[in-house]
Amino acid sequence: MAASKSRIDWALLLLRLAVGGMAVLQAFSTLRGAHGAITVAHAATWGLSLGELICGVLILLGIWVPLAGGILAAVLGWPLVHGWLHGAGLLANLGGLFRLLVGLACAIGGGGKWALGK
């Protein structure tokens with residue numbers, strides 16, 4: 001039983017590092033490339049990217065992982081749902097679907113043994 005618990009702790013750590021790191025890198029690249037006139041669309045994109053960055057850092061550190069993972073899944077899932085409502089196929093955006101599912105897995109799994117916010 002102890003070996004199984006240890007494997008789960010390692011899996012949660014690796015999941016946190018992957019999901020949090022992906023969110024931070026993706027958000028940072030969006031924010032770094034931000035330029036031009038400030039419009040409502042730009043402000044919304046920058047706000048979502050900033051939220052993704054903050055959630056990614058929280059997940060990486062293991063602070064409030066279920067909450068941050070849920071918010072991240074909502075932020076990453078909205079474009080998918082929006083596309084589905086407008087006629088896109090269920091598997092039209094496989095990258096977005098993958099990011100949504102791993103964000104949900106992180107929210108459900110929690111921070112694990114090595115999280116700062118236990």
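The values are calculated or read from the model by the stated rules, or taken from the named source; none is laboratory data. Quick caveat, the model's predicted, so the values are computed rather than measured. All Cβ positions, glycine included, derive from the backbone under ideal geometry; neighbour counts span all protein chains shown. For the accessible areas, the whole protein counts, side chains as well, though only heavy atoms, and no ligand, DNA or RNA atoms are used. Shrake-Rupley method; radii C 1.70, N 1.55, O 1.52, S 1.80 Å.
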Any chance you could give the angle, 0 to 90 degrees and rounded to 10, that helix 65-85 forms with the longest Cα principal axis of the chain?
40
Would you please give the residues with an amide H less than 5 Å from that of I63, counting only those at least 5 places away or on a separate chain, with H modeled from the backbone geometry?
L116, G117
Expressed in angstrom and rounded, the centroid-to-centroid distance over alpha carbons for the range 76-105 and the range 34-55 is 20
Considering all projection directions equally, how large on average is the shadow of the alpha-carbon convex hull of the range 37-101, in square nanometres?
5.2
Computed over the chain, protein heavy atoms only, probe 1.4 angstrom, the accessible area per residue in square angstrom equals 61
Of [x] 37, 32, 26; [y] 55, 31, 19; [z] 49, 31, 21, which is the value of Cα extents along the principal axes in Å derived from the coordinates here?
[y]
What angle do you read, to the nearest 10 degrees and between 0 and 90, between the alpha-carbon axis of helix 40-61 and the longest principal axis of the chain?
10
Report the local net charge at V24: Lys and Arg +1, Asp and Glu -1, summed over other residues whose C-beta lies under 14 Å from its C-beta.
+2
With axes computed from alpha carbons, what is the tilt in degrees of helix 2-32 against the longest principal axis of the chain, rounded to the nearest 10 within 0 to 90?
20
Please give the charge dipole size of the chain, origin at the Cα centre, charges +1 on K and R Cβ atoms and -1 on D and E Cβ atoms. Round to the nearest 20 debye.
320
The chain, accessible surface, carbon-and-sulfur percent (1.4 angstrom probe):
75
What figure in square angstrom, to the nearest 10, would you give for the accessible area of I63 with a 1.4 Å probe?
50
How large is the accessible surface of H35 in square angstrom, using a 1.4 angstrom probe and rounding to the nearest 10?
140
